Amino acid sequence: MIYLDNAATTPVSEYAIQKMLPFFEKEYANPSAAYEMGERAKYALEESRKKIAYTLNCMPQEIYFTSGGTESNNWTVNYAGIKPKSHIITSKIEHHAILNPCKRLEEAGNEITYLEVDENGRINPKHVEESIRSNTVLISIMTANNEIGTIEPIEEIGKIARKHNIIFHTDAVQAYAHIPINVRKSNIDMLSASGHKFNGPKGVGFLYIRNGIKIPPLILGGGQERGERSGTENVAGIVGMTEASMINHKNMKEKFTKEKNMRDYIINRVLSEIPDSRINGDIKNRLSNNVSISFKNMEGPGLVKMLNMAGICCSAGSACSAKKGEMSYVIKALNIPSDYGRGTIRITLSEKNTKEEIDYFLWQLKKILSEFYRY
Ligand code: PLP
């Protein structure tokens, strides 16, 4: 099996597993417990918080552990709905974990601006500024898109948000631990991340909330996470996520270069060897591991199934839209011709993929498509 779907999820790093194991087996105490074993669990939690904070250039007390990207995004958007008739600026290509909470707020009488993107999926910061109203309470723009890999102009948007004194949140689920992020430098007030996108376990993530921003908890209970996010902490998961993050940060440059070389190799070969193909997303401002390709008059989900029969895992759009068989809303937002849009697949690499795997994938892809197009 050749795994080319690393934007959907990643395997847990062996090192992270080893670091997690003690918290399942011997060090299983509740971190709120008053005895020594509990204190050790609490210590592991706080060390993790420090390490995550270090990667973002923020303070440990600005990190709140959650169950992942979806929870962190819901927490953020829900906060904005507390004031009646408040206004949120977001984009048409955000993940459903932003769009669906926004939709619910809209139904409850709040106002949402969904910004358009250009043909490469980039948001124009000028449009963000033009959309600000007197009741705007939140700007939420993703750091990088999960389907097309486009990296958004976060620094420029952060500057605008700060100038107007509006909270700026970024969904960094696809970007954190893949590209450097400095929340202070980029004027980011809130940031969502998820462990399973960078070789940590599933069901664990965090929300960074800048000191001074007071948002009500999404989940109430025993008062963990300084009263902001109740529920017994997922100590093993948090430790695993943190260790995976540390490895990624240590090897970031090397990993980026390896993936980027493979990515560009695929892009060049597809465009030069497969007729009626196109690459989606911004070529320059792009995650190192993303290849989103469209083929004229093909059906993405069908192509994914045929590649699966050849032992290759990839997806048509995001994992969430993979099974629905419609053109994805992200691809639609790029305004590319629909006879191309429907025939889209997403390849997302890891630095562990090999040249042999990539050549095998390209060989199978060309074989399937040449039978279809008869070229
Ligand atoms: N945001 C983005 C951009 C994503 O790609 C995903 C997952 O695919 C999420 C949020 C949701 O994260 P999680 O799977 O941790 O709930």
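The values are calculated or read from the model by the stated rules, or taken from the named source; none is laboratory data. The model shown is predicted, which means the values in this text are computed figures rather than measured ones. Because the Cβ atoms are built from the backbone with ideal geometry, glycine has one as well, and the counts that use them run over all protein chains shown.
Suppose the filter is over 20 Å from LEU218 (Cα atoms), surrounded by 18 or more Cβ atoms within 10 Å (Cβ to Cβ), modelled with pLDDT of 95 or more and touching a His at 6+ places or on another chain (Cβ under 6 Å); does THR55 pass it?
The answer is yes for THR55.
Being farther than 19 Å from ASN120 by Cβ, under 20 Å from the mean Cα position of the chain (by Cα) and crowded, with 18+ Cβ neighbours inside 10 Å narrows it down to one of MET246, MET252, MET262, so name that one.
Every option except MET246 fails the conditions.
Quick check: anything in region 31-38 without any contact (Cβ under 8 Å) to a residue 24 or more places away in the chain, closer than 21 Å to MET246 by Cα and either away from the ligand (no atom under 16 Å from the Cβ) or not in a helix (DSSP H, G or I) (or both)? Reasoning before the result, please.
Pass one, region 31-38, residues without any contact (Cβ under 8 Å) to a residue 24 or more places away in the chain: 33-38.
Right, trim to closer than 21 Å to MET246 by Cα and you get none.
For region 31-38, residues without any contact (Cβ under 8 Å) to a residue 24 or more places away in the chain, closer than 21 Å to MET246 by Cα and either away from the ligand (no atom under 16 Å from the Cβ) or not in a helix (DSSP H, G or I) (or both): absent.
Take the conditions within 13 Å of the ligand (Cβ to nearest atom) and touching a residue at least 40 places away in the same chain (Cβ under 8 Å) and apply them to PRO180. Does it pass?
No: the conditions fail for PRO180.
Which is surrounded by 21 or more Cβ atoms within 10 Å (Cβ to Cβ), within 15 Å of ASN234 (Cβ to Cβ), among the aliphatic types (A, V, I, L, M) and within 16 Å of the ligand (Cβ to nearest atom), of ILE93, ILE98, ILE63?
Sole residue among the options that is surrounded by 21 or more Cβ atoms within 10 Å (Cβ to Cβ), within 15 Å of ASN234 (Cβ to Cβ), among the aliphatic types (A, V, I, L, M) and within 16 Å of the ligand (Cβ to nearest atom): ILE63.
Scan region 180-191 and give yes if some residue there is closer than 30 Å to LYS355 by Cα, out of contact with any Cys (no Cβ under 8 Å at 6 or more places or on another chain) and aliphatic (A, V, I, L, M), otherwise no.
Yes, region 180-191 contains at least one residue that is closer than 30 Å to LYS355 by Cα, out of contact with any Cys (no Cβ under 8 Å at 6 or more places or on another chain) and aliphatic (A, V, I, L, M).
Would you confirm whether any residue within region 169-177 is free of Cβ contacts under 8 Å to residues at least 40 places away in the same chain, surrounded by 24 or more Cβ atoms within 10 Å (Cβ to Cβ) and β-branched (Val, Ile, Thr)?
Here is the first cut: in region 169-177, the ones free of Cβ contacts under 8 Å to residues at least 40 places away in the same chain are 170, 172.
Checking which are surrounded by 24 or more Cβ atoms within 10 Å (Cβ to Cβ) leaves us with 170, 172.
Those still in the list that are β-branched (Val, Ile, Thr) too: 170.
There is at least one residue in region 169-177 that is free of Cβ contacts under 8 Å to residues at least 40 places away in the same chain, surrounded by 24 or more Cβ atoms within 10 Å (Cβ to Cβ) and β-branched (Val, Ile, Thr).
Which one of GLY69, GLY149, GLY158 is more than 16 Å from the ligand (Cβ to nearest atom) and crowded, with 16+ Cβ neighbours inside 10 Å?
Of the residues listed, the single one that is more than 16 Å from the ligand (Cβ to nearest atom) and crowded, with 16+ Cβ neighbours inside 10 Å is GLY158.
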